[in-house]
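A short reminder: the numbers here are calculations on the coordinates, not readings from a lab. Here the structure is a predicted model, which is why all the values come from computation and not from measurement.
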Amino acid sequence: MITALKIIFSIILMWICYVVVTTSLTSNLFEEWDFLGSIPWMRATLWDFYANAFIIYLWIFYKEPDMLPKIVWFFMMFFLGSIASCAYILIELFRLEPEEGVFDLITKRHE
């Protein structure tokens with residue numbers, strides 16, 4: 001199961017990086033913000049995204065023992081979104097011992 005999750009999250013991370021980079025090369029978010037911000041579904045999507053990012057960040061806050069990583073991951077989550085969440089989950093997956101599973105991924109805190 002853990003190997004499958006590593007593959008899945010690696011693919012998602014590569015895909016979202018590709019999408020963000022190619023979109024950034026063809027469209028400037030800051031130039032189009034006035035138009036995008038006027039679309040109700042865009043505003044709803046952003047609220048949805050940041051609520052989800054906050055929920056994932058609460059899990060990160062639980063897992064990380066020191067304040068500096070908590071602060072760094074906070075900014076990464078809110079500026080990089082899915083890129084940061086996939087990266088964090090991959091880091092956590094690779095930190096697991098061979099005998100550990102999904103339960104440990106979710107509940108194990110760092111010392």
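Pull out a ≥ b ≥ c, the square roots of the eigenvalues of the alpha-carbon gyration tensor of the chain, then state rounded if a/c is under 1.5, prolate if not and a/b is larger than b/c, and oblate in the remaining case.
prolate
Angle, helix 2-26 long axis vs. longest principal axis of the chain, Cα atoms, 0 to 90°, nearest 10?
20
Straight-line reach from K63: which aspartates and glutamates have a Cα under 14 Å away, not including same-chain ones fewer than 8 places off?
E92, D104, E111
Mind telling me which of L93, L29, L13 comes out most flexible in a GNM of the chain, alpha-carbon contacts under 10 Å?
L29
Out of F61, F74, F94, any idea which swings most in a Gaussian network model of the chain, alpha carbons joined below 10 Å?
With Cα springs under 10 Å in the chain, the top fluctuation among F61, F74, F94 is at F94.
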